[in-house]
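Worksheet for the structure shown next.
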Amino acid sequence: MPASDSTTPPRVLVVEDEQKTRESLAEGLRLETWSVATAATGQEALGLLGREAFDLVVLDWMLPDRDGVEVLREMRSRAQPTSVLMLTARSTLNDRVTGLDSGADDYLAKPFAFAELLARCRALLRRPVVKTGGLLRCGDLQLDTRARVAVRAGEEIALTPREVDVLEYLLRYQGQIVTREMLERDVWKQTHRMTSLDNVIDVQIMRLRRKVDTDGTERLIHTLRGVGYRLGKEVE
Ligand code: CA
């Protein structure tokens, strides 16, 4: 059961051994009127998680005692459904995959802007806790929505968390037109922006397409000028 419903502020646990970072993160999140607890070690975090329910854990990977991956594995072995945003100075694909494999919901490489962290936290808090999972497919492209790993023609594609979100959305609506407005609303979760996200979305799709539709593969992500995008096989 979630620790809070939409009327109460989210309950967040910040796990970070570096005092200055921990305090500034906690302070920033409290300014959002969220309810924030902090832990400086993995052991302390697991203690708190055993006693209280949290909606979200912001979890540093490098901790002095039990590292973030160990904390995460322990949480998942206790079947705690709390969303976890993993922080790390590591940014290679292998580390990212390890983090996500251990059950992190998202991953943010240090250094990051606080606004970025906040956006990721918000997105995770909006996500339903129960994950449906499953494999989405189109031709030789497939996405494991639980492991968040995409494979094309047997080769894993290195995608950012946002690219996975976009690809999942396109796959769910495959064969249909996906407008920028749909992506803005359902993937970026923004409906009241003063400025349009069109450019951001176009760039994101361009990058995603470069990774998915590589040389020698059938083109799957199509642009419909002035309308939006469509993922699917070429229309005969
Ligand atoms: Ca650390």
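Give the residue that is modelled with the highest pLDDT, with candidates limited to residues of the range 37-81 that are more than 15 Å from the ligand (Cβ to nearest atom) and crowded, with 21+ Cβ neighbours inside 10 Å.
Here the answer is Leu56.
What is the number of the single condition among (1) in a loop (DSSP other than H, G, I, E, B); (2) within 17 Å of Glu16 (Cβ to Cβ) that Thr33 does not meet?
It fails just one condition, (2).
Kindly check whether there is at least one residue in the range 201-211 that is modelled with pLDDT under 90 and open to solvent by 50 Å² or more (accessible area, probe 1.4 Å).
Within the range 201-211, the subset modelled with pLDDT under 90 is none.
No, the range 201-211 contains no residue that is modelled with pLDDT under 90 and open to solvent by 50 Å² or more (accessible area, probe 1.4 Å).
Picking from Glu23, Glu27, which residue would you name as being more than 30 Å from Glu156 (Cα to Cα), out of contact with any Gly (no Cβ under 7 Å at 6 or more places or on another chain), modelled with pLDDT of 95 or more and within 14 Å of the ligand (Cβ to nearest atom)?
Within the list Glu23, Glu27, the selection yields Glu23.
Mind checking which residues of the range 212-223 are among the charged types (D, E, K, R) and surrounded by fewer than 16 Cβ atoms within 10 Å (Cβ to Cβ)?
Within the range 212-223, Asp215, Glu218, Arg219 meet the criteria.
The values are calculated or read from the model by the stated rules, or taken from the named source; none is laboratory data. Just so it is clear, the structure is predicted and the values come from calculations on it, not from any experiment. When we count neighbours, we look across all protein chains shown, and the Cβ atoms used for this are built from the backbone with ideal geometry, even at glycine. For the accessible areas, the whole protein counts, side chains as well, though only heavy atoms, and no ligand, DNA or RNA atoms are used. Shrake-Rupley method; radii C 1.70, N 1.55, O 1.52, S 1.80 Å.
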